[in-house]
Amino acid sequence: MKPRDQFLTKDFLGADTGSTREKARDPIRFRTIWISDIHLGTTGCQAQRLLEFLRKTESDTLYLVGDIIDGWQLKRRWYWDQSHNNVVQTVLKKAKKGTEVIFVPGNHDEAVRQFIDLDFGGIRVRDELIHTTAQGKRMLVLHGDRFDGVISCAKWLAYVGDNLYTMILKWNQWLNSWRARAGLPYWSLSQYLKLKVKNAVSYISSFENALAAEAKRRGLDGVICGHIHKPEIREIDGITYCNDGDWVESLSALVEDHAGELRLVTWQEIVMPHQTAKYQKEEELCVSPS
């Protein structure tokens, strides 16, 4: 069994401590969870899947790392599904029950930056901050848009790109509706296209290097961000770079367990662990020998 499968089976399903079926109903506890780029207020937001993730997990601290509400899109066209309301209510409920919730605004919800250092309904609004893991590692937490040259130097171009991105996401919804009917797992067309375009790959690499360099300049151990919708954990020049992904394409989050280990998890792993293991096995059987 692969280490990844062991993590899914033992930690998520509690196979070693009792009934798998009974344990699967209990929320999975983490020390910390980071989520970002939810884009509430857009048709591309996977709010229902995020709700399922939030209901299946508990944490001491929950970081909302920017672009939680998409003010850019709401200015153009009002869209607010009941599931978007439910996400907000679920987060507020977690804060009321004792979860420390910290909101770090991004460029799409930049209007919230006027409330930096204030608290609302148990939610702390901060521009950036340093998180110390259970292992003592000091991690800079910020959205990351300030290190995006397009946002900083040509905001009009970012708006154009946002419109094109929205169009691709509509195609993505149609494609995944068909895949769901065919019994296939969620797959992101937009993420696939980004990783296939040379300029996009170069842009992502530059962004990651800039964030890592900032953390190193401040004498920190790592950085945790969002913004570019690409979940990642990797070492860059001695700095641990972490991106928690998004809830439009990758449906991912960054989590810290109580031993201080950082991992990326997805909606499928948390909500449908058995199906995830099945798809991984099927993919392995379909790989042609090199």
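Annotations
- A 1.4 Å probe over all protein chains sorts 96, 56 by accessible area into 96, 56, starting with the largest.
- Among 33-42, 231-240, sorting by the average number of other beta carbon atoms lying within 10 angstrom of each residue, highest first, gives 33-42, 231-240.
- Surface accessible to a 1.4 Å probe, residue 68 within the full protein complex, Å²: 20 Å²
The values are calculated or read from the model by the stated rules, or taken from the named source; none is laboratory data. Since the model is a prediction, treat every value here as computed from it, not as a measurement. A quick note on method: Cβ atoms are made from the backbone with ideal geometry, for glycine too, and the neighbour counts reach across all protein chains shown. Only protein heavy atoms, including side chains, enter the accessible area calculation; ligands, DNA and RNA are left aside. Shrake-Rupley method; radii C 1.70, N 1.55, O 1.52, S 1.80 Å.
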